[in-house]
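Since the structure comes first, as structure tokens, the remarks are kept for the end.
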């Protein structure tokens, strides 16, 4: 199953970091948060990624185009017959990463629509490039397949500034974009969608936010379900939130590190 990661936002509340790189490239433990997100999915066997690039997308392109040199020892032979030899393996062997330019200023819904040509007819995974959790992807997919609806969103519990999920059992009755007071579950990303969601609910226009009309319509049509995650989840929108993640990693207490 392919994994779409939204990587195009400007990260204005982390401006000291994002002046020179996109927010998904802000490092935790010396590796971009994007790398940590991808490692979560890969641990469950999902290593075909489609990255929706936007603001300073060239930084992400450069990271993956030079990945082998970054992650391995290298022998460089100079002279009239130059060569480069990578000497040892890394744990990301076999990853497929599609780096898709989706527009400098496009909103999240438009970005997903613009990578639809890289998606298959079946379901796909989708998440944001700035949030980590000890998400059991197998259980998420199993739940999605059990209900037969077009979409599943992972519901999490932190106090927040995010889209609140108002529920009718396990069905999302309404998707409220940014409530003033959050009670219950909020949108934690880590979605599963069927392909018809892209074709029926998304449009190719810059101002289309996934969290606005598309998910609100999907919920209104009874086609959006919530998978409740009671474990760790943490976004990285501010310096304080980055510090939380960095401290957890540096002290060996990172709950999202589900890989060996």
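One table, with the values for the structure above:
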item: Selection from segment 104-113 of residues that are under 24 Å from residue 35 (Cβ atoms) and surrounded by fewer than 18 Cβ atoms within 10 Å (Cβ to Cβ); result: 104
item: Selection count, segment 39-76, where residues are assigned to a helix (DSSP H, G or I) and touching a residue at least 12 places away in the same chain (Cβ under 8 Å); result: 15
item: Of residues in segment 66-82 being closer than 26 Å to residue 99 by Cβ and in contact with a strand residue (DSSP E or B) (Cβ under 7 Å, 6 or more places away or on another chain), the one surrounded by the fewest Cβ atoms within 10 Å (Cβ to Cβ); result: 76
item: Lone qualifier among 140, 132, 125 - being in a helix (DSSP H, G or I), touching a strand residue (DSSP E or B) at 6+ places or on another chain (Cβ under 6 Å) and under 26 Å from residue 244 (Cβ atoms); result: 140
item: Test for residue 92: is it surrounded by fewer than 22 Cβ atoms within 10 Å (Cβ to Cβ) and in contact with a strand residue (DSSP E or B) (Cβ under 7 Å, 6 or more places away or on another chain); result: no
item: All positions within segment 77-107 that are more than 18 Å from residue 25 (Cβ to Cβ) and outside any loop (DSSP other than H, G, I, E, B); result: 77, 83, 84, 85, 86, 96
item: Count - residues of segment 149-171 that are modelled with pLDDT of 95 or more and either surrounded by fewer than 14 Cβ atoms within 10 Å (Cβ to Cβ) or not in a strand (DSSP E or B) (or both); result: 2
item: Complete set of residues in segment 1-24 that are part of a helix (DSSP H, G or I), modelled with pLDDT under 95 and surrounded by 23 or more Cβ atoms within 10 Å (Cβ to Cβ); result: 23
item: Residue within segment 212-223 that is under 16 Å from residue 36 (Cα atoms) and either assigned to a helix (DSSP H, G or I) or modelled with pLDDT under 95 (or both) present; result: no
item: Condition check for residue 133: under 16 Å from the mean Cα position of the chain (by Cα), in contact (Cβ under 8 Å) with a residue 12 or more places away in the chain and either within 23 Å of residue 207 (Cβ to Cβ) or surrounded by 19 or more Cβ atoms within 10 Å (Cβ to Cβ) (or both); result: yes
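The values are calculated or read from the model by the stated rules, or taken from the named source; none is laboratory data. Here the structure is a predicted model, which means the values were calculated and not measured. A quick note on method: Cβ atoms are made from the backbone with ideal geometry, for glycine too, and the neighbour counts reach across all protein chains shown.
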